[in-house]
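Working notes, beginning with the structure itself.
Rule-based calculations on the coordinates, nothing more; no lab input. Just so you know, these numbers come straight off a predicted model, no measurement behind them. Counting neighbours? That spans all protein chains shown, and the Cβs are built from the backbone with ideal geometry, glycine included.
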Amino acid sequence: MKKIILIAIITTQYLSALVSIAPAELGERVGLSTKIEAGLETKRGNTDRDNYSASLRVAYDKSSSYLIWGELSGEYGKSNGVEDTNKAFSHLRYIHSLTNDESLRYELFAQLESDDFRQINSRVLGGAGVRYRVFNSQDKGKGFIGLGGFYEGVIYSDSLLDPSEDNARLNSYLAYTVGFANKSTFSCTLYYQPKLTDFQDYVQSSQLELTLNVFKELYLKFSTSWNIDSNPPSGVKKSDFTQKTSFVFNF
């Protein structure tokens with residue numbers, strides 16, 4: 001295991017604690033399971049940069065009945081001595097089957113996050129919804145539609161420019177994942193979360209993820225995300241685009 005970790009550090013410039021976007025499925029890993037991811041980027045010379053990230057995910061899968069999982073993650077970075085990344089995220093989700101064929105489930109979830117560079121001191125939300133599996137086949141993969149709602153409380157870093165918000169939002173999403181070639185996967189998701197009282201105020205997120213199995217529990221991951229906030233806090237851009245290549249370890 002030490003050799004694998006050493007090889008990964010040498011051969012990559014960036015290891016990222018990325019959350020898998022593939023929808024969690026009942027019965028995939030029955031019982032208690034844990035996933036730990038950690039990342040490090042260090043540059044010296046013309047550019048001085050340090051970036052650290054880590055995440056912990058614990059799940060309990062009761063086969064075809066229910067699944068509960070929780071996740072903690074954080075990222076911190078500096079460039080040329082100036083802090084440019086400081087964010088934390090935690091999520092708890094409960095999924096329960098509603099039909100014998102497992103195509104329809106309900107979900108309960110809660111989340112807490114902060115992001116200094118999006119001017120978010122804290123964002124707390126809780127909600128519920130249903131998820132329908134549209135198709136499930138070995139060749140075509142799995143497709144899902146989710147619909148529900150959540151209530152959020154947001155406290156911004158500058159309360160004078162951006163007063164706190166309490167919103168009720170619709171939560172809708174499309175998700176697709178397919179496996180191939182020895183535990184490798186391709187996944188994509190699209191989230192649309194408008195405010196129930198004003199559909200012009202919305203959050204939208206689209207993500208693509210390709211995970212390739214390299215050796216045993218070592219994976220190479222290519223991911224892109226494009227996030228839009230139609231009404232961001234003062235001084236924050238409406239959209240963020242991220243593209244990352246990383247190594248991931250499953251334990």
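With the simple model of a label 7 Å out from the Cα in the direction of the Cβ, Phe180 to Tyr151 spans 4.5 nm.
For the options Asp116, Asp48, Asp162, a Gaussian network treatment of the chain with springs between C-alpha atoms closer than 10 Å singles out Asp48 as fluctuating the most. By the count of other C-beta atoms within 10 Å, a proxy for reagent exposure, Thr197, Thr177, Thr85 are ordered fewest to most as Thr197, Thr85, Thr177. Remark: for residue pairs Lys140/Lys216; Lys140/Lys244; Lys43/Lys244; Lys62/Lys221, the C-alpha separation exceeds 20 Å in Lys140/Lys216; Lys140/Lys244; Lys62/Lys221.
The stretch between Val236 and Tyr60 holds 59.6 nm of extra length on full extension. This uses 0.36 nm per residue minus the Cα-Cα distance. According to the Kirkwood relation over distinct C-alpha pairs, the hydrodynamic radius of segment 127-251 is 16.8 Å.
In the chain the longest region clear of trypsin sites (Lys or Arg not before Pro) that are loop-assigned by DSSP and have at most 11 other C-beta atoms within 10 Å covers 45-139. Measure off 7 Å from each Cα along the Cα-to-Cβ vector at Leu40 and Phe135, then give the distance between these two points in nanometres to one decimal. So the two model labels end up 4.5 nm from each other. Legend: calculated FRET efficiency, Val30 to Phe222, from the Cβ-Cβ distance at R0 = 30 Å, rounded to 0.05, equals 0.55. Along segment 154-159 the Karplus relation, 6.51 cos²θ - 1.76 cosθ + 1.60 evaluated at θ = phi - 60°, assigns HN-Hα couplings of 10, 10, 8, 5, 10, 6 Hz to successive residues, with x for each Gly and Pro.
For segment 65-79, putting each phi into the Karplus relation 6.51 cos²θ - 1.76 cosθ + 1.60 with θ = phi - 60° gives couplings of 8, 8, 9, 10, 9, x, 9, 10, 8, x, 8, 9, x, 9, 10 Hz, in residue order, rounded to whole numbers and with x for Gly and Pro. Once the C-beta distance of Ser164 and Ala128 is scaled by a Förster radius of 30 Å, the resulting FRET efficiency is 0.80 to the nearest 0.05. Calculation over all alpha carbon pairs of the chain in 5 angstrom steps from 0 returns a P(r) of 1, 5, 11, 16, 19, 18, 13, 9, 5, 2, 0, 0 percent.
The slack in the chain from Leu190 to Ser90, taken as 0.36 nm per residue of separation less the alpha-carbon distance, amounts to 34.0 nm. Net charge dipole, segment 2-249: roughly 940 debye, given to the nearest 20, about the Cα centre with Cβ charges of +1 for Lys and Arg and -1 for Asp and Glu.
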